[in-house]
Amino acid sequence: MNEITGELEKFSKICYLRCSSKEQSPLLQEKDILSAFHLEGHQEFEENNSAWKDNVKRPEFEKVIELIKKGKVRDFYVWDLDRIYRNLNRLKEFFLLCKNYNCKIHSYNQRWLDELNSIMPPFDVIVLELMINILGWLGETESTKKSARVKMAIVKKDKGTYSYKGNKWGRKAFPKQTIERVMELHLQKKSIREIANSVFVYDKNNNSKKISKSAVHKIIVEKAQ
């Protein structure tokens, strides 16, 4: 057996275990997967990270994706599809990736996937594409409903926009002394740039920084109304 074939067999079956927090343990996921699919000779990738937020890095999952792209993964095992992505559109993209590189997805909580994997060609491709399209449709529906829920939660009043909990949205108003200082310099015929270089604002930690030119312009416009 040559080296390339050995590498391919080493990674041909991958089990991906993901938990959302440090308090959770992937051991239960592992136990369920191993018992359900009688796995042997597989490679495990494990991490504790969110599958929802796009800005959260998942280094172990990225390794899996690279192996799939190299054609080294024939079967991908997971406890639940939401261990891959909670976002349905992202999940659809992952299914497309696996389809393009002949990698079958198996899930302990979605055993019906194995029924799809056992369908004889050419119907297996037809059914898989149908399922991927359904995932995409569900993802779009999910996004639309989420947007609608956000809009319904907004309450507009004369003094601003508020969430359904009563929290005001948008940037907090500047202190009275900041507004007065801006207007004082404005009456002295100072330019917006000159005012921005002369007026300082403070954050919640009492760190100072120069006020932005856009903020100066907004204050002047609002006071002129």
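The values are calculated or read from the model by the stated rules, or taken from the named source; none is laboratory data. Everything quoted here is computed from the prediction, not taken from an experiment. Quick reminder, even Gly has a Cβ in these numbers, built from the backbone with ideal geometry, and neighbours come from all protein chains shown.
Summary table
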item: Residue in segment 19-41 that is surrounded by 15 or more Cβ atoms within 10 Å (Cβ to Cβ) and among the polar types (S, T, N, Q) present; result: yes
item: Options Lys63, Lys57, Lys72: the member that is part of a loop (DSSP other than H, G, I, E, B), within 17 Å of Gln43 (Cα to Cα), of a type in the set (Lys, Arg) and in the same structural domain as His42 (by TED's automatic domain parsing); result: Lys72
item: Residues of segment 185-199 classified as without any contact (Cβ under 8 Å) to a residue 12 or more places away in the chain and among the hydrophobic types (A, V, I, L, M, F, W, C), total; result: 1
item: Candidates Leu130, Leu113 - the one that is without any contact (Cβ under 8 Å) to a residue 24 or more places away in the chain, in a helix (DSSP H, G or I), surrounded by fewer than 13 Cβ atoms within 10 Å (Cβ to Cβ) and out of contact with any helix residue (DSSP H, G or I) (no Cβ under 8 Å at 6 or more places or on another chain); result: Leu130
item: Condition met for Lys72 (within 18 Å of Leu135 (Cα to Cα), in contact with a Leu (Cβ under 7 Å, 6 or more places away or on another chain) and at pLDDT 90 or above); result: no
item: Subset of segment 81-109 (residues that are touching a helix residue (DSSP H, G or I) at 6+ places or on another chain (Cβ under 7 Å), among the polar types (S, T, N, Q) and assigned to a helix (DSSP H, G or I)); result: Asn89
item: Residues of segment 97-138 satisfying the condition of being closer than 20 Å to Phe11 by Cα and among the aliphatic types (A, V, I, L, M); result: Leu97, Ile105
item: Test: residue in segment 129-150 that is closer than 25 Å to Pro26 by Cα, more than 17 Å from the chain's Cα centre (by Cα) and at pLDDT 80 or above; result: no
item: Test: residue in segment 88-98 that is under 12 Å from Arg18 (Cβ atoms) and buried (at least 16 other Cβ atoms within 10 Å of the Cβ); result: no
item: Filter result (surrounded by fewer than 15 Cβ atoms within 10 Å (Cβ to Cβ) and either without any contact (Cβ under 8 Å) to a residue 12 or more places away in the chain or within 22 Å of Ala36 (Cβ to Cβ) (or both)) within segment 99-108; result: Asn100
